[in-house]
1. Quick one: would you say Asn110 is modelled with pLDDT under 95, surrounded by fewer than 10 Cβ atoms within 10 Å (Cβ to Cβ) and within 16 Å of the chain's Cα centre (by Cα)?
2. Residues that are in contact (Cβ under 8 Å) with a residue 12 or more places away in the chain and touching a Cys at 6+ places or on another chain (Cβ under 8 Å): find the strands (runs of 3 or more DSSP E) completely inside segment 20-126 holding 2 or more of those.
3. Taking segment 1-24 as the region of interest, how many residues are at pLDDT 95 or above and closer than 20 Å to Asp82 by Cα?
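The values are calculated or read from the model by the stated rules, or taken from the named source; none is laboratory data. These figures come from a predicted structure and were not determined experimentally. Cβ coordinates were reconstructed from backbone atoms using ideal geometry, including for glycine residues, and neighbour counts include every protein chain displayed.
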Amino acid sequence: MFLENYRFEKDDYFICTDKTLLDFEVIHGYLKRSYWSENIPLEIVKNAAKHSVTFGIYTFENVQVGYCRVVTDQSSFAYLADVFVLEQHRGLGLSKFLMECIMGIPEFINLRTWLLATNDAHGLYRQFGFDAPKFPEKIMQISRPDLYKNMGE
């Protein structure tokens, strides 16, 4: 668990790790329509946030416009998940700002391994050192992409 909440400001937005600010209507509303977690139940979204380091992107009126979470042991490994910026706030550099904030967190600086999955943001993540696996033959996974499709709301 993080010992402190981090807050970073840029232009008309701030990014914060304070979970009390999370707007689960916004988060769930986006994730249940996303390609990676279609129809995900609200309780799973809340539980995933509870057990992750969360980053919310907000206007100064505390309106949430983006989100991501990091699943980590804070020693050697982290998985970046559920990254999004609402469409009407894209094109303002918020995704890059989010990644700058995440990668600069003291608890994360010396992590040996980071993983993420993306269909379309490779260019963003490459700016922060992400690349295709060096040894894909050594990586295995269990993938159930349709798991939530029949779970309902």
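1. no
2. Hits in segment 20-126: 53-59, 77-85.
3. Total satisfying the criteria: 15.
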